[in-house]
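Below: the structure, in structure tokens.
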Amino acid sequence: MPTLVQSALAGLVLAALVAMPALADGLKDDIAPTGKLRVAIAISPAGGAFWSTKTEAGYAGVPVDLGKEMAAQLGVPVEYVVHQNSGQITEAAGKGTWDVTWLPKDPERETRMMFGPIYEVADATYIVKPGSNVTNFATLDQAGIKVAAVNATTTMRGAIAHLKNAKVTGYQTYDEIFGLLKAGEIDAFALSRDQLNKMAQKIPGTRVLDETFKKTLTAVAVPLGHSQALTFVTKFMTDATTNGTLRKAYDNNGLKDTPIRTE
């Protein structure tokens with residue numbers, strides 16, 4: 001005959017087993033309400049820990065790999081929702097078109113979405129056009145100087161706050177700004193240093209300035225009101241940083257020499 005204690009323990013185990021599917025279903029309803037994990041990505045040849053690229057097979061990038069792994073843990077298919085930049089992802093945050101994303105955070109975006117752990121800290125600076133006489137921030141911040149940034153991004157807002165005299169203009173895509181810089185139609189481009197260093201290799205005569213005007217913090221995020229989703233993605237990124245998943249995503253996307261920088 002089972003004792004009262006054994007019966008009580010058996011009842012608790014049974015209750016837990018019954019509750020587990022309900023909890024899992026509740027999480028999936030919160031983070032993947034369509035039955036798929038919709039991952040918002042921004043496409044650009046810039047690379048790095050935020051941008052993704054279009055490939056013959058689909059998409060590649062750190063967020064692409066992380067999204068695929070997250071979907072596998074949830075047991076649902078992954079679907080990539082493509083945008084031109086992080087500003088467009090932010091604008092769509094309240095429209096129910098994506099479930100999770102990885103992008104730079106700032107106070108303005110924290111009013112539109114909820115952020116989990118930071119996984120990259122990047123130094124923002126400027127690259128100047130071929131033949132420019134600009135050598136530092138002081139010579140850049142002059143009336144008549146035209147600075148470009150990707151529209152509605154944390155870097156653009158940082159550049160506007162930093163430069164008092166030069167004019168900062170937002171453009172939708174990295175490619176557009178690349179062409180303008182190469183043609184000498186703009187004086188400078190504000191972006192993270194690692195991406196600008198790669199750009200400098202493609203446009204002879206350009207110069208990446210030594211100074212840093214902003215630290216860009218990139219993190220996982222979910223739309224407002226999805227508390228279960230936030231708990232899940234927070235644990236996912238915490239684990240990914242320690243179990244090698246994040247390192248593998250970096251290595252698979254041309255970032256083998258890039259250290260993982262957290263706040």
*What figure in square angstrom, to the nearest 10, would you give for the accessible area of Val121 with a 1.4 Å probe?*
20 Å²
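Please work out whether segment 146-251 counts as rounded, prolate or oblate from its C-alpha gyration tensor, where a ≥ b ≥ c are the square roots of the eigenvalues and a/c under 1.5 means rounded, while otherwise a/b larger than b/c means prolate and anything else oblate?
Details: a/c = 2.62, a/b = 1.79, b/c = 1.46.
Cα axes put segment 146-251 in the prolate bin.
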*Tell me, what is the 1.4 Å probe accessible area of Tyr174, in Å² to the nearest 10?*
10 Å²
_Report, in listed order, any pair from Lys164/Lys202; Lys167/Lys214; Lys54/Lys129; Lys28/Lys105; Lys164/Lys198; Lys95/Lys214 with a Cα-Cα distance greater than 23 Å._
Lys164/Lys202; Lys54/Lys129; Lys28/Lys105; Lys164/Lys198; Lys95/Lys214
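Please report, ordered by residue number, every helix of the chain (full DSSP H runs) that is 27 Å or longer along its axis going by C-alpha atoms and whose mean Kyte-Doolittle hydropathy reaches 0.0.
Values: long enough: 4-31 (40 Å, 1.32).
What comes out of the filter, once short or polar helices are dropped, is 4-31.
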*In Å², nearest 10: area of Thr218 left accessible to a 1.4 Å probe*: 0 Å²
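Could you calculate the contour length gain from Glu56 to Arg261, that is, 0.36 nm times the residue separation minus the distance between their Cα atoms, to one decimal place in nm? Let's see the in-between values first.
Details: separation 205, 0.36 × 205 = 73.80 nm, distance 3.04 nm.
Length gained between Glu56 and Arg261: 70.8 nm.
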*Beta bridges per DSSP with both ends in segment 35-98, % antiparallel, nearest 5*: 30 percent
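Expressed in nm to one decimal, what extension gain is obtained for the pair Thr139 and Lys215 from 0.36 nm per residue of sequence separation less their Cα-Cα distance? Don't skip to the end; give the middle numbers.
Numbers: separation 76, 0.36 × 76 = 27.36 nm, distance 2.12 nm.
In short, 25.2 nm is gained.
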*Quick one: go through segment 88-107 and flag any residue whose amide nitrogen is under 19 Å from the point 7 Å out along the Cα-to-Cβ line of Val121.*
103-107
*Which percent, nearest 5, of DSSP beta bridges in the chain are antiparallel?*
60 percent
*Go ahead and set up a Gaussian network model of the chain, Cα springs under 10 Å, then flag whichever of Gly158, Gly47, Gly205 fluctuates most.*
Gly205
*Label 7 Å along Cα→Cβ of Thr231; segment 97-117 residues with amide nitrogen under 19 Å?*
100, 114-117
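The values are calculated or read from the model by the stated rules, or taken from the named source; none is laboratory data. Since the model is a prediction, treat every value here as computed from it, not as a measurement. Don't worry about glycine lacking a Cβ; one is built from the backbone with ideal geometry, like all the others, and counts go over all protein chains shown. The area values use the complete protein model at the heavy-atom level, side chains included, leaving out ligands, DNA and RNA. Shrake-Rupley method; radii C 1.70, N 1.55, O 1.52, S 1.80 Å.
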